[in-house]
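Data block below; observations after.
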């Protein structure tokens, strides 16, 4: 099974967000201490920090469960619950593995899970980089804007087609105004406006 088959569209979000990170399937080897672990869940990816000796710290408050659970230290089997586990390789980390573990353990028992503002990915990013951030949440919140822009482009194309107008390709105005010669005042020449 490939990474794309397991993670589907969520992997696209990771590849977009983690320009300096690679996601790889954890084989039989033990992950390095302080590693960022991720496993696919229903509609999202679940994150944890590897402590060594088969132990993981994670926010064990999965969305589809009715009971919320705090930040916990569990075994690898409890973290994955039968699903494949991946390692997110970070090109850089703000902290050494011992500090990542200390930071993760400092949050044990915390029971302030919030899907948008304080989830398992926020926890791991804070442990590794000192910034609580969730790329999954950011991607999900950006989706309405991206979908709206896509529909507007389609609608504009349809209107242009109905009037027999060929719309300019994306970025055409920037390219054409850069090609205009400089004005006599020395500044860049502007494209003509409707008022001139």
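Model label sites at residue 138 and residue 24, defined 7 Å from Cα along the beta-carbon direction, differ in position by 2.4 nm. Summarising the label geometry, the points placed 7 Å from Cα in the beta-carbon direction at residue 77 and residue 98 lie 3.2 nm from one another. Counted residue by residue at 0.36 nm each, then reduced by the alpha carbon distance between them, the extension gain from residue 111 to residue 156 reaches 11.4 nm.
The packing ranking, built from the mean of other Cβ atoms within 10 Å per residue, places the peptides 22-30, 39-47 in the order 39-47, 22-30, highest first.
The order of the peptides 73-84, 121-132, 48-59 by mean Cβ neighbours within 10 Å, most packed first, is 48-59, 121-132, 73-84.
Values in this text are rule-based calculations from the coordinates and carry no lab data. Just so we're clear, the structure is a prediction, and the values are computed from it rather than from any experiment. For neighbour counting, all protein chains shown are included, and Cβ atoms are generated from backbone atoms with ideal geometry for every residue, glycine included.
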